[in-house]
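What follows is one structure encoded as structure tokens, with my remarks underneath.
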Amino acid sequence: MGIEGVNSRIAEIQSRIIALQTQQATTTSARATSTQGSFASHLQGAIASTAPAGKTTYKLNSKGVPEDLAAYGNGKIPETALGRVGNTGHKLWAPAAESLNGMIEDARRDGVEIGITDSYRPYAEQVDLARRKGLYSQGGLAAKPGTSEHGWGMATDLDLNAKALAWMRKNAGNYGFVENVARESWHWAYRPPT
Ligand SMILES: [Zn+2]
């Protein structure tokens, strides 16, 4: 690595340190302990958090939605906070999309095809769905507009055959996805690392 590379790496680490200092107040005590104090421990924290495993964590509100995401409002997530699922037109909150993409790839390596039928759902689409499919509270298949996990870009509806569903039930947790609606084996919600 040339001197420019070293300088840019230092700049990157410094910016990570600033980010970590900002995060510190909101991280768990274990993480905070490792990131406060000396430069060396900041550096260690910065290196750890840029590891490929991805150790970014999120502070959730009482409904389990990351606070930064919640600030946008359900069904009002800007394009910049969304990520594309593979080469489909589907989008999710960017960290969820990234995790889903990794999961789809790994499943394919295991000979399992995971299709996607629904993803982020803007507010107007939630209203439309509730009109067409009825509200859960009335025996239907739609959440009250403004409350759907799809409105946070944190849930996806998947096209799963029996083999794919079995694969998901065994492995999805490793990617942060949980099956959380009893009558909907297609609906998988993303639980970000905290
Ligand atoms: Zn769903």
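Listed values, structure above:
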read-out	value
Residues located in segment 137-154, provided they are at negative phi and surrounded by fewer than 17 Cβ atoms within 10 Å (Cβ to Cβ)	Ser137, Gln138, Gly140, Leu141, Lys144, Thr147
Out of Asp106, Asp157, sole residue that is within 12 Å of the ligand (Cβ to nearest atom), surrounded by fewer than 21 Cβ atoms within 10 Å (Cβ to Cβ) and closer than 30 Å to Lys59 by Cα	Asp157
Top-ranked residue of segment 116-148 - restricted to ones that are within 14 Å of the ligand (Cβ to nearest atom) and among the small types (Gly, Ala, Ser), ranked as nearest to Trp167 (Cα to Cα)	Ser119
Residue match in segment 155-164 (condition: in contact with a helix residue (DSSP H, G or I) (Cβ under 7 Å, 6 or more places away or on another chain) and on the phi > 0 side of the Ramachandran plot)	no
Residues located in segment 156-165, provided they are in contact (Cβ under 8 Å) with a residue 40 or more places away in the chain and touching a Ser or Thr at 6+ places or on another chain (Cβ under 9 Å)	Thr156, Asp157, Leu158, Asp159, Leu160
Selection from segment 166-194 of residues that are away from the ligand (no atom under 12 Å from the Cβ), part of a loop (DSSP other than H, G, I, E, B) and either closer than 18 Å to Ala94 by Cα or in contact (Cβ under 8 Å) with a residue 12 or more places away in the chain (or both)	Gly176, Arg191, Pro192, Pro193, Thr194
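A quick yes/no check of all residues on (1) at pLDDT 95 or above; (2) among the small types (Gly, Ala, Ser):
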residue	(1), (2)
Gly102	yes, yes
Tyr123	yes, no
Gly134	yes, yes
Gly140	no, yes
Lys144	yes, no
Trp152	yes, no
Trp167	yes, no
Asn171	yes, no
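The values are calculated or read from the model by the stated rules, or taken from the named source; none is laboratory data. This structure is a prediction, so every number in the text was calculated from the model and none was measured. Glycine gets a Cβ as well: all are built from the backbone with ideal geometry, and neighbour counts include every protein chain shown.
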